[in-house]
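The structure under discussion appears below in the form of C-alpha cells.
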Amino acid sequence: MPRLPKPADVSKLPGALRLYKVSSVITGVFLLLLCAEMVIKYSFGHEIEMAGPQGFLALVPTDTVTAVNLSTGILIAHGWFYVLYLFADFRLWSLMRWPFWRFVLIALGGVVPTLSFFVEIPTARTVKRFLSENAVKTAAVAEKAEATA
C-alpha cells in the first residue's frame, strides 16, 4: 500500500509543486542550452562570446574569448538551477512520501536532456490528482490551522 502525505503536509504541497514545475522548466532549458554549447565547443571548436569586439553575441575559437564567456555562464547557471531543481525534487518527494526510485527518476531530469519535460508532466498530474481528491481534507486542515493561530 503506498504511503500518503501526512495531513499536516498537504497544505505545503501546492507551493512545493509550483517550485518543482518552475525549476523543472528552467533546468531543462539550461540543460538544452548546455548541450548545444557542448556541441559547438567540442564539434566545431568555438565558444559563445557576449559583448565582445565581434558584436553582442559571437562564436569565437575556443580559448580566445576576450569579453563575457557565455559558454561558461550557461554551464554555471545550469549547475545552480540544478541544485534548486534537486531541492524542489526532494521537497516534493518527501512531502508526497514517494519511494526512493521516484526521487532518482525525477533527479535524472536535470541530467538527461529533455527528460525533465517528460517527467514533470506525470509528476505534476499525480500531485494535482492527490490534491483534488483530498480537497475537503485539505480545507479542514487549513481551517484548523487558522483557528489555532
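Numbers at a glance
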read-out: Residue within region 29-43 that is part of a helix (DSSP H, G or I), surrounded by fewer than 13 Cβ atoms within 10 Å (Cβ to Cβ) and of a type in the set (Ser, Thr, Tyr) present; value: yes
read-out: Criterion: among the aromatic types (Phe, Trp, Tyr), farther than 30 Å from Pro5 by Cβ and at pLDDT 95 or above - qualifying residue of Phe81, Phe103, Phe44; value: Phe44
read-out: Candidate set: region 6-57, residues that are within 21 Å of Ile121 (Cβ to Cβ) and of a type in the set (Lys, Arg); chosen: the one nearest to the chain's Cα centre (by Cα); value: Lys21
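The values are calculated or read from the model by the stated rules, or taken from the named source; none is laboratory data. In this text the structure is predicted, and so the values were computed from the model without any measurement. When we count neighbours, we look across all protein chains shown, and the Cβ atoms used for this are built from the backbone with ideal geometry, even at glycine.
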